[in-house]
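Read through the structure below, which is laid out as structure tokens, and then see the notes.
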Amino acid sequence: MFTLKHLKASIILTALSSGLLSASSTLAAIGDENFETELDNLTNTTSTFGNELDILESANEVYLLRQHLMADAQQFINIHTWAISQDTTGLDTAAQLGAKATLDDVEVNFLYDALAQLYVSPAMGAGLRSLGINAVAYVPQNIDQDNLIPYLLTGSHKKSMIVDSVNYGLESVVGGRNIGDDYLTEVIDAAPGEFVDKWRDTDLLIRGPATLLLQQDFVDSFNHQTSISVGCSSDDESCHFYPQTSTENPSANANLRILHNDPELNDGAGVFQVNAMYEKLLTEAEYSIDIETPYFIPPPALLEAIYGALARGVRVRILTNDDKNNDGGGIVYLASAFYWQDLLEAGAEFYLWGVKKSAAEPEAFRQMHSKFIIVDDQLFMPGSWNFDGRAYYTSSEFGFATTDTAVVDDALRMWQDDLATIDVITVDAAWYDANFTWLDKIKMKFYALLSPIL
């Protein structure tokens, strides 16, 4: 696949051979050593190398992989999720975890968001504990309960599963999926060529040293919620939570930078590494910005950065949900649409995930739940972070940034496949005017006032 990355390399080589640039010239760009150093300082993170990264798209593929990883675990299974649904996938997962805990004596730790679980399936938390699973609900610890709105809005939106592995020490699945039928099953009546998964999402399988950082994040997050600590010290050589890691491909050397939003850290002042990363990418992109997000409700700093990129001539493409596939309903859809018209006029391209609903399940959304950004065909960052106010201000989130060529190329192929999916809608000025009434536009202005909490 020939991309802007290859074009840029060709231009540089031509310039070098023509004497227009000296070999010692430094081009500050996404993925350059100077750029990575700036990220180290900006986000207080570093990239690990020697990782093996596989992008996971298919719902069935991810479900079977998760089952396999849990079945093979011999010492522990650590899961961090927004919520687990009381449906076939959720109940089957709970049963498997319970069997591992009670029959195989595997330590199973499960962290979920209290308010989200109450909304999705209130009985599942107690159900997990009845199966011998060490299930703990996330509730804010450093946000004053008297400050009710921030207390209720602050939540845990990270998604990770870390298991011990005989072959690789640790293996982890991270990304956008929670545990339920919407995320991990297919519709039964998709026609040939049509999108088959109920929801479109993106996960990442990780092997290598980055899994140790994910393990530490889980331990810290879990222990922050309970007086009964899990895990052990990474300084203890006998600690089974932090084994020697390896990869299936011995020569694997993908880089991975793990970034966090944690609004409770620093005594409630928060740490917002993912936000800083997005602003840096949007501000310094040279050629292209491709954004896939279920909810596009940009916070002011990022909206300004997008306009700045467009003014520099950067191609900006955004794929988000149409009205019938937005589980946030009309409020979230119209709040998002409020931003489209001006961005379209500035040169942005918008696409809507309009995959038709299943006739067998007409009430079920066919949502695009995937969250990632690709910049200059050089950097790919999936994660749990939505392009909205909740992720920016009040939710704990993950971002996973890599400039590994093979992974970025696979991400570019995935992005093009998504844009080419049957029933994806191209939005232009004519479409906008034809699909929104004057009343819709009044609602947009009102709902946009709620952007920080949507």
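Below are the figures for this structure:
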quantity: The chain: antiparallel DSSP beta bridges as a percent of all, rounded to 5; calculated: 65
quantity: FRET efficiency for Leu344 and Ala269, using Cβ-Cβ distance with R0 set to 45 Å, rounded to 0.05; calculated: 0.75
quantity: Efficiency of FRET from Cβ geometry, Asp323 and Asn167, R₀ 51 Å, rounded to 0.05; calculated: 0.65
quantity: Residue order, fewest to most surrounding Cβ atoms within 10 angstrom, among Glu248, Glu279; calculated: Glu248, Glu279
quantity: Count of Lys pairs (Cα-Cα under 24 Å; at least 8 positions apart or interchain) in the chain; calculated: 24
quantity: DSSP beta bridge pairing in the stretch 50-254, given as percent antiparallel to the nearest 5; calculated: 65
quantity: The chain: equivalent-ellipsoid semi-axes (sqrt of 5 x gyration tensor eigenvalues, Cα, Å); calculated: 33, 29, 22
quantity: Relative contact order %, the chain, counting alpha carbon pairs below 8 Å whose residues are six or more apart; calculated: 18
quantity: Calculated P(r) of the stretch 50-254 - Cα pairs past 32 Å, %; calculated: 17
quantity: Spin-label pair Asp440/Thr102, simplified geometry with 7 Å Cα→Cβ offset, distance in nm; calculated: 5.2
quantity: Charge sum, other residues only, whose C-beta stays under 13 Å from His80's C-beta, Lys/Arg counted +1 and Asp/Glu -1; calculated: -2
quantity: For the stretch 174-333, size of Cβ-based charge dipole, Lys and Arg +1, Asp and Glu -1, in debye; calculated: 480
quantity: Distance in nm between pseudo-label sites at Ser58 and Val139 (7 Å out along the Cβ direction from Cα); calculated: 4.3
quantity: Cα centroid of the stretch 31-78 to Cα centroid of the stretch 310-368, whole Å; calculated: 28
quantity: Gain in span if fully extended, Phe49 to Ser238, counting 0.36 nm per residue against the direct Cα distance; calculated: 65.7 nm
quantity: Share of pairwise Cα separations in the stretch 326-402, more than 17 Å, in percent; calculated: 62
quantity: Footprinting exposure proxy for His224, His260 (fewest neighbouring C-beta atoms within 10 Å first); calculated: His224, His260
quantity: Burial ordering of Thr437, Thr154, fewest other beta-carbon atoms within 10 Å first; calculated: Thr437, Thr154
quantity: Simple label model, 7 Å out from Cα along Cβ direction - His224 to Ala71, nm; calculated: 3.5
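Read-outs: derived from the displayed coordinates by stated rules, not from any lab. Predicted, not measured: the structure shown is a model, and the values here were computed from it. Here Cβ is always computed from backbone atoms with ideal geometry, including for glycine, and neighbour counts include all displayed protein chains.
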